[in-house]
């Protein structure tokens, strides 16, 4: 409960310092359980006129009060820059964002120092159904990145079984995958 009020006050502070106080009430705050690397993100969409920051459920309790404050201001500055410049920003951590951060008296840093040890994230895997292995558990897998490359039309060969893969290959998501990314 107390965090919610602090977050709101930090959003108000950033918006006031950047001379857009009307924006502070429009910023939605959401919590994301999948954020295990980033402490948050922020975006403004001029089409839907939606201003949103998302914060990490797993990292938030590990962050110091200073890290939390700077993260909320950091993400709010992304929203402010999107609001002021029509949503499109070529460089998310460019000069406009840096200036917005400086108006708030915060050093424009891109990374946090919160301890992430023990927080592995699940890697999405896809089963290559055309793999010659009979047993489904032994069929080859590809990562989400490789799957997206295939969907765009690039072809490659499976390193394990030699199968030629293209966008017509039979692939489905492996819902039982337990592979972890560090």
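The values are calculated or read from the model by the stated rules, or taken from the named source; none is laboratory data. From a predicted model like this one, the values you see are computed outputs, not experimental measurements. Don't worry about glycine lacking a Cβ; one is built from the backbone with ideal geometry, like all the others, and counts go over all protein chains shown.
Observations, loosely collected:
- Meets criteria (at pLDDT below 80, assigned to a loop (DSSP other than H, G, I, E, B) and either under 30 Å from residue 8 (Cβ atoms) or not assigned by TED's automatic domain parsing to the domain that holds residue 20 (or both)) for residue 131: yes
- Exactly one residue among 110, 152, 68 is at pLDDT 80 or above and either at positive phi or assigned by TED's automatic domain parsing to the domain that holds residue 30 (or both), and that residue is 68.
- Checked across segment 110-123, the condition of being in contact with a strand residue (DSSP E or B) (Cβ under 9 Å, 6 or more places away or on another chain) and free of Cβ contacts under 8 Å to residues at least 60 places away in the same chain holds for at least one residue.
- Residue 142 at pLDDT 95 or above and surrounded by 14 or more Cβ atoms within 10 Å (Cβ to Cβ): no
- Test result for residue 105, surrounded by 17 or more Cβ atoms within 10 Å (Cβ to Cβ), under 30 Å from residue 53 (Cα atoms) and modelled with pLDDT of 75 or more: no
- Number of positions in segment 64-100 that are farther than 16 Å from residue 7 by Cα, in contact with a helix residue (DSSP H, G or I) (Cβ under 8 Å, 6 or more places away or on another chain) and not in a loop (DSSP other than H, G, I, E, B): 6
- Single match in 137, 115 (criterion: surrounded by fewer than 17 Cβ atoms within 10 Å (Cβ to Cβ), in contact with a helix residue (DSSP H, G or I) (Cβ under 6 Å, 6 or more places away or on another chain) and either in a helix (DSSP H, G or I) or at pLDDT 80 or above (or both)): 115
- Single match in 52, 33 (criterion: assigned by TED's automatic domain parsing to the domain that holds residue 18, without any contact (Cβ under 8 Å) to a residue 40 or more places away in the chain and surrounded by fewer than 16 Cβ atoms within 10 Å (Cβ to Cβ)): 33
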